[in-house]
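This report refers to the structure that appears directly beneath it.
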Amino acid sequence: MASTIRCDIVSAEQEIFHGEAELVVATGEIGELGIAPKHAPLITRLKPGKVVVTLPGGEQLDFAISGGILEVQPTVVTVLADTAVRAQDIDEAAVRAAKEEAERILSKKDPKMSMEEAQSQLAMSIAQLSALERLRKNMKH
């Protein structure tokens, strides 16, 4: 039987995932991090992007996060995200609309939203669309 580590993914609103994992991959500030059982303790900031959890048996769960903190302890990996969404729960039409709005605001410097808010919304939209794309690709296999 493969060795596992407990993984918790929590957003400001709710617990998104709690379970055992063989591997957790997340996008850190300087690149992707792969966390396997018995990984050295670590705390780092996460960029908007993906978190992929490989379950015992090889199934992969895909999440999109808006950024946050990754904490690794000897027996648990915790992702504390501002916003986190399971790939299968993403509303593609709403995400595309949010992406277009953020791009429009960034191009026109619209006062309805600050540049920082628009950049954050754009990054999260891109992360969610990428998660949907990975989910669709995995479903074809």
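Taken together, the values in this text are just the output of simple stated rules run on the coordinates, not laboratory data. Everything quoted here is computed from the prediction, not taken from an experiment. We place every Cβ from the backbone using ideal geometry, glycine too, and count neighbours over all the protein chains shown.
Over the chain, what relative contact order in percent results from Cα pairs under 8 Å that are six or more residues apart? Please report the intermediate quantities before stating the final value.
Working: 304 pairs, mean separation 31.2, N = 141.
With pairs under 8 Å counted, the relative contact order is 22 percent.
In percent, how large is the relative contact order of segment 20-83, given Cα pairs closer than 8 Å and 6 or more residues apart? Don't skip to the answer; put the middle values down first.
Working: 147 pairs, mean separation 20.3, N = 64.
So the answer I get is 32 percent.
Using r as the Cβ-Cβ distance of E103 and Q60, and R0 as 41 Å, what FRET efficiency do you calculate, to the nearest 0.05?
Details: r = 30 Å, r/R0 = 0.72.
Here the calculated transfer efficiency is 0.85.
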Exercise. What 222 nm value per residue comes from the helices of the chain, counting each DSSP H run with n ≥ 4 as -39,500 (n - 2.57) and dividing by all residues, nearest 500 deg cm²/dmol?
Worked result: -10500 deg cm²/dmol
Problem set entry | Estimated inter-spin distance, T75 and R45, nm [label 7 Å along Cα→Cβ] | 3.2 nm
Seminar exercise, completed: Each label sits 7 Å from Cα toward the beta-carbon; between E13 and D82 the label points are separated, in nm, by 1.5 nm
For this session: Evaluate the distance, in nm, between pseudo-label points positioned 7 Å from the Cα of L129 and of E116 along their respective Cα→Cβ axes.
Result: 2.5 nm
Exercise. Using alpha carbons only, how many degrees (0 to 90, rounded to 10) separate the axis of helix 92-108 from the longest principal axis of the chain?
Worked result: 50 degrees
Exercise. In degrees between 0 and 90, to the nearest 10, how far off the longest principal axis of the chain does helix 115-140 point, with axes built from Cα atoms?
Worked result: 50 degrees
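If packing is taken as the average count of other Cβ atoms within 10 Å, what order do 7-20, 32-45 fall into, highest mean first?
Details: 7-20: 15.1, 32-45: 13.1.
Listed from highest to lowest mean packing, they are 7-20, 32-45.
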